[in-house]
Amino acid sequence: MSTNRPPKRRVLIRHAAIERRVREVARQITRDFKGQRVHLVGVLKGACFFLVDLAREIDLETSIDFIAVASYGRSSESSGQVRMLKDLDSSIAGLNVIVVEDILDTGLTLNYLLRLLRQRRPKTLRVAAFLDKPARRVQPVKADYIGFTIPNEFVVGYGLDHAEHYRSLKDVCILRLPRG
Ligand code: PRP
């Protein structure tokens with residue numbers, strides 16, 4: 001018999017710590033691209049919270065765009081194909097592009113995106129990942145800017161969801177899902 005009780009969750013990263021860390025990452029980006037413009041590419045949907053907060057703290061001329069992809073085989077050993085759902089609105093040729101991700105997990109999504117975006121001849125191509133979960137990596141890939149490195153737990157909040165729930169939580173929480 002199944003119960004409809006919501007899964008338990010506990011706070012992993014409090015909002016105040018998130019705000020502090022986002023400011024630090026933004027300062028690092030501001031230093032690295034001093035006097036230049038940066039173009040933030042948010043990977044929908046999870047990254048939109050991080051992108052907005054980051055963009056407002058970067059003290060440079062900044063433009064934004066969004067891309068959406070769907071991945072397959074993330075939890076299995078399959079080929080892990082990634083498919084484009086929404087492309088960028090405009091060209092990134094000659095721009096300092098920073099791909100903004102909410103979480104770097106297996107690395108399949110980011111590898112696909114970096115291959116795709118590199119072909120479009122940006123001036124520079126970097127990655128800012130709010131969370132990094134290195135224990136889950138299937139393909140080697142690294143972010144240039146990382147908010148927090150986290151253990152191999154299922155997390156929600158600050159953009160991250162479970163079946164579209166919990167994205168708007170201000171804290172990042174570990175969700176205890178029932179087995180099966
Ligand atoms: C999540 C996340 C990354 C990707 C990371 O997106 O936003 O894009 O998975 O996983 P990977 O490193 O294993 O490829 P998701 O497909 O859950 O979409 P969402 O952002 O709309 O929730």
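The values are calculated or read from the model by the stated rules, or taken from the named source; none is laboratory data. All values derive from a computational prediction rather than experimental measurement. Cβ atoms come from the backbone with ideal geometry, glycine included; neighbour counts cover every protein chain shown. SASA here: full protein model, heavy atoms, side chains in, ligands and nucleic acids out. Shrake-Rupley method; radii C 1.70, N 1.55, O 1.52, S 1.80 Å.
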- Note on the structure: Out of (1) closer than 30 Å to T30 by Cβ; (2) more than 13 Å from the chain's Cα centre (by Cα), the one Y166 does not meet is (1)
- Message: Condition (residue is within 11 Å of the ligand (Cβ to nearest atom) and of a type in the set (A, V, I, L, M)) applied to region 114-124: is it met by at least one residue?
- Response: no
- Query: Restricting region 133-180 to residues that are within 15 Å of L104 (Cβ to Cβ) and among the charged types (D, E, K, R), which is least open to solvent (accessible area, probe 1.4 Å)?
  - Reply: K133
- Query: Among the candidates V43, V99, which residue alone is of a type outside the set (S, T, N, Q), under 22 Å from Q139 (Cα atoms), touching an Asp or Glu at 6+ places or on another chain (Cβ under 8 Å) and in a strand (DSSP E or B)?
  - Reply: V43
- Message: Looking only at residues that are among the aliphatic types (A, V, I, L, M) and farther than 25 Å from M84 by Cβ in region 36-67, which one is most open to solvent (accessible area, probe 1.4 Å)?
- Response: L60
- Within region 148-177, the residues that are assigned to a loop (DSSP other than H, G, I, E, B) and touching a Pro at 6+ places or on another chain (Cβ under 7 Å) are L177
- Just one of the numbered conditions (1) farther than 19 Å from L85 by Cα; (2) within 13 Å of the ligand (Cβ to nearest atom); (3) open to solvent by 10 Å² or more (accessible area, probe 1.4 Å); (4) of a type in the set (F, W, Y) is not true of F130; which one? (3)
- Flagged in region 2-31 as farther than 18 Å from Y166 by Cα, touching a residue at least 12 places away in the same chain (Cβ under 8 Å) and open to solvent by 50 Å² or more (accessible area, probe 1.4 Å), in numbering order, are E19, R21, R23, R27, Q28
